[in-house]
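Visitor: Here it is, the structure in full.
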Amino acid sequence: SGRAIVFIDELDAVGRTRNTNMPNAATDESDRTLNALLVEMDGFAQSQVIVLGATNRPEVLDSALLRMGRFDRKITFTPPDRAGREKILLLATRDLPLADDVDLGAISRRTASLTGADLHFLANEAALSAAREQLTIVSQSHFNKAVEVTFLGRARTSLEVSDAERRIVAWHEAGHAVAASVLPNADKPVSVSTIPRGGAGGVTWMENDDRHFVTRSRALASLTVALAGRAGEMVLVEDDFTSGAANDLRVAAN
Ligand code: ZN
């Protein structure tokens, strides 16, 4: 009966603002696609066809696409909140054999800002991590590793780190962790690692819940926690400092 829903993903790939100043083969091709799309959509007016388009970059879309009768309604999807993340994790781990200690609620509290796709990646990463240990059951520790991989990238286990370097990193991270656990307004530390990732020597992982604003007391606690890494390494090296501390100072200044 002519009813259909047409869904176009990555709409910006064909619906980008037409550039009349710089004609070249690539934009000609894109213009033709866009024109054809617009003509078709005008033809849908009398029919029962709904056209949906998805994009991460609504600002680059051609204004002709957004006119009445075309893509004239916008629905914005924001990353899911804590409850939404828990439901997505439930779905993403549906087919995984989970250990009793797996706490999806706890994972959802540590994954503010992650999207549905990120959470699926995270669940898959946890399963891979269990498989690497030749285990058939996925436990909380695998999820903890997967959270770190999702936010920070894989650990650089092949990198040679001297004992002296590792000791400084340990004291530095301990400084962050201790400050975060004793300050009542600080985000609580979840795990500490001295394994290098990306450019960082180590990382102290904090609980991070959805937050819509920062209070003064919370900001002060964050400042203290940021600078506590340097305070920790001063126990070992008083007359020198690390690039990690310099980076913390930058974060604190921000
Ligand atoms: Zn630090």
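Visitor: Kindly evaluate R167 against the criterion of being of a type in the set (K, R) and either closer than 27 Å to S108 by Cβ or near the ligand (Cβ under 10 Å from one of its atoms) (or both). Give the derivation first.
Guide: Details: of a type in the set (K, R): yes; either closer than 27 Å to S108 by Cβ or near the ligand (Cβ under 10 Å from one of its atoms) (or both): no.
Spelling it out, it is not the case that R167 is of a type in the set (K, R) and either closer than 27 Å to S108 by Cβ or near the ligand (Cβ under 10 Å from one of its atoms) (or both).
Visitor: If you take the residues of region 130-165 that are in a helix (DSSP H, G or I) and more than 20 Å from the chain's Cα centre (by Cα), which of them is surrounded by the most Cβ atoms within 10 Å (Cβ to Cβ)? If you could, list the steps in order and put the result at the bottom.
Guide: Taking region 130-165 as the starting set, the residues that turn out to be in a helix (DSSP H, G or I) are 130-132, 140-152, 163-165.
Filter again for more than 20 Å from the chain's Cα centre (by Cα), leaving 130-132, 163-165.
Values: A130: 23, A131: 12, R132: 10, D163: 7, A164: 10, E165: 15.
Among them, the one singled out is A130.
Visitor: Give me a count of the residues in region 240-250 that are surrounded by fewer than 17 Cβ atoms within 10 Å (Cβ to Cβ) and near the ligand (Cβ under 8 Å from one of its atoms).
Guide: 1
Visitor: How many residues are in a loop (DSSP other than H, G, I, E, B) and within 12 Å of the ligand (Cβ to nearest atom) when one looks only at region 172-198? Spell out the reasoning first.
Guide: First pass over region 172-198, keeping only residues in a loop (DSSP other than H, G, I, E, B): 183-188, 194-196, 198.
Pick out the ones that are also within 12 Å of the ligand (Cβ to nearest atom) and you get 194.
So the count comes out to 1.
Visitor: Moving on to the next point. Return the residues of region 209-254 that are in a helix (DSSP H, G or I), more than 22 Å from the chain's Cα centre (by Cα) and of a type in the set (S, T, Y); say none if nothing qualifies.
Guide: Result: S217, T224, S243.
Visitor: I need the full set of residues from region 129-185 which are within 17 Å of P196 (Cβ to Cβ) and β-branched (V, I, T), in order please. So that I can check it myself, show each step before the final result.
Guide: Taking region 129-185 as the starting set, the residues that turn out to be within 17 Å of P196 (Cβ to Cβ) are 145, 148-149, 151-174, 176.
Once the filter is applied, which keeps residues that are within 17 Å of P196 (Cβ to Cβ) and β-branched (V, I, T), region 129-185 yields V149, T157, V161, I168, V169.
Visitor: Residues to consider are V203, V192, V178; find the one that is buried (at least 20 other Cβ atoms within 10 Å of the Cβ), among the β-branched types (V, I, T) and touching a residue at least 12 places away in the same chain (Cβ under 8 Å). Let's see the steps before the verdict.
Guide: Working: V192 fails: buried (at least 20 other Cβ atoms within 10 Å of the Cβ); V178 fails: buried (at least 20 other Cβ atoms within 10 Å of the Cβ).
Exactly one residue qualifies, and that residue is V203.
Visitor: If A83 passes every condition in (1) of a type in the set (A, V, I, L, M); (2) modelled with pLDDT of 80 or more; (3) surrounded by 12 or more Cβ atoms within 10 Å (Cβ to Cβ) but one, which one does it miss?
Guide: If we test A83 against (1) of a type in the set (A, V, I, L, M); (2) modelled with pLDDT of 80 or more; (3) surrounded by 12 or more Cβ atoms within 10 Å (Cβ to Cβ), just (3) comes out false.
The values are calculated or read from the model by the stated rules, or taken from the named source; none is laboratory data. Since the structure is predicted, the reported quantities are computational estimates derived from the model, not experimental observations. As a convention, Cβ positions derive from the backbone with ideal geometry for all residues, glycine included, and neighbour counts pool all protein chains shown.
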